[in-house]
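K.L.:
I have a structure I would like to understand better, so I am pasting it below and will then ask my questions one at a time.
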Amino acid sequence: ITRLARAWNTEVPHSGKILSGGVDANALQHPKRFFGAARNVEEGGSLTIVATALVDTGSRMDEVIFEEFKGTGNTELHLDRRMVEKRIWPAIDVNKSGTRREELLMDEEELRRVWILRRVLNDMNPVDAMELLLNRIQKTKTNEEFLLSMNLS
């Protein structure tokens, strides 16, 4: 998304309204319309669009673009360079990642356990949290067994 928005920012006729970071207000309309297509499929059905955003680049423009799109997806998956450097896969920062409206995906008891697990993991650094999860996941066969193995009462 970052590169798409940057490209539109250089090509779109300028509106005169410049957002922080030098992003023209009109530049984000086309990328937003593209990502809105996932919700606007004729004849029903579903379209999944997977996109990445550049963050922590030191560019204010990249931050503005990320913030504009941040709330539009159903899932946010944050990758962590420290895990990549330690060869921990998947290199996902579980504390920053998540699915919106997860209460629609699981029953009450499972959801309660997931929320407790998230609170426990939130007190850990991302590398330790992922190592704990990987260790426990490898020892279980199902999500239910995994959540029960965490003993989160």
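The values are calculated or read from the model by the stated rules, or taken from the named source; none is laboratory data. Computed from a predicted structure; not experimentally measured. Every residue, glycine as well, gets a Cβ built from its backbone with ideal geometry; the counts of neighbours run over all protein chains shown.
K.L.:
Look through N26, N95 and report the one residue that is in the same structural domain as E144 (by TED's automatic domain parsing) and out of contact with any strand residue (DSSP E or B) (no Cβ under 6 Å at 6 or more places or on another chain).
P.N.:
Answer to the check: N95.
K.L.:
While we're on this one: Residues to consider are G58, G71; find the one that is modelled with pLDDT under 90 and either in a loop (DSSP other than H, G, I, E, B) or within 19 Å of the chain's Cα centre (by Cα) (or both).
P.N.:
Checking each option against the conditions leaves just G71.
K.L.:
While we're here: Every residue in the stretch 53-76 that is in contact with an Asp or Glu (Cβ under 9 Å, 6 or more places away or on another chain), surrounded by 14 or more Cβ atoms within 10 Å (Cβ to Cβ) and not acidic (D, E), please.
P.N.:
Those that are in contact with an Asp or Glu (Cβ under 9 Å, 6 or more places away or on another chain), surrounded by 14 or more Cβ atoms within 10 Å (Cβ to Cβ) and not acidic (D, E): A53, L54, V55.
K.L.:
Please verify whether M130 is more than 30 Å from D24 (Cα to Cα), outside any loop (DSSP other than H, G, I, E, B) and modelled with pLDDT of 95 or more, treating the condition exactly as stated.
P.N.:
Spelling it out, M130 is indeed more than 30 Å from D24 (Cα to Cα), outside any loop (DSSP other than H, G, I, E, B) and modelled with pLDDT of 95 or more.
K.L.:
Cβ-Cβ distance below 7 Å, separation of 6 or more or different chains: which pairs start in the stretch 13-31 with a residue that is over 13 Å from I65 (Cβ atoms) and in a helix (DSSP H, G or I) and end on one that is β-branched (V, I, T) and at pLDDT 90 or above?
P.N.:
That search, which allows pairs on different chains as well, returns N26/V12.
K.L.:
Right, another one. May I ask you to list the residues in the stretch 83-102 that are in a helix (DSSP H, G or I) and either modelled with pLDDT under 95 or surrounded by fewer than 11 Cβ atoms within 10 Å (Cβ to Cβ) (or both)?
P.N.:
If the condition is that a residue be in a helix (DSSP H, G or I) and either modelled with pLDDT under 95 or surrounded by fewer than 11 Cβ atoms within 10 Å (Cβ to Cβ) (or both), then E85, E102 are the ones that fit.
K.L.:
Ok, one more. Inspect the stretch 34-41 for any residue being part of a loop (DSSP other than H, G, I, E, B) and over 30 Å from T142 (Cα atoms) and give the result as yes or no.
P.N.:
Among the residues of the stretch 34-41, at least one is part of a loop (DSSP other than H, G, I, E, B) and over 30 Å from T142 (Cα atoms), which makes the answer yes.
K.L.:
Sort out which residues of the stretch 133-148 are basic (K, R), under 21 Å from L105 (Cβ atoms) and not in a helix (DSSP H, G or I), and write them in order of number.
P.N.:
Residue satisfying the conditions is K141 alone.
K.L.:
Consider V64 carefully, then state whether it is touching a helix residue (DSSP H, G or I) at 6+ places or on another chain (Cβ under 9 Å), assigned to a loop (DSSP other than H, G, I, E, B) and either within 30 Å of E145 (Cα to Cα) or not small (G, A, S) (or both).
P.N.:
no
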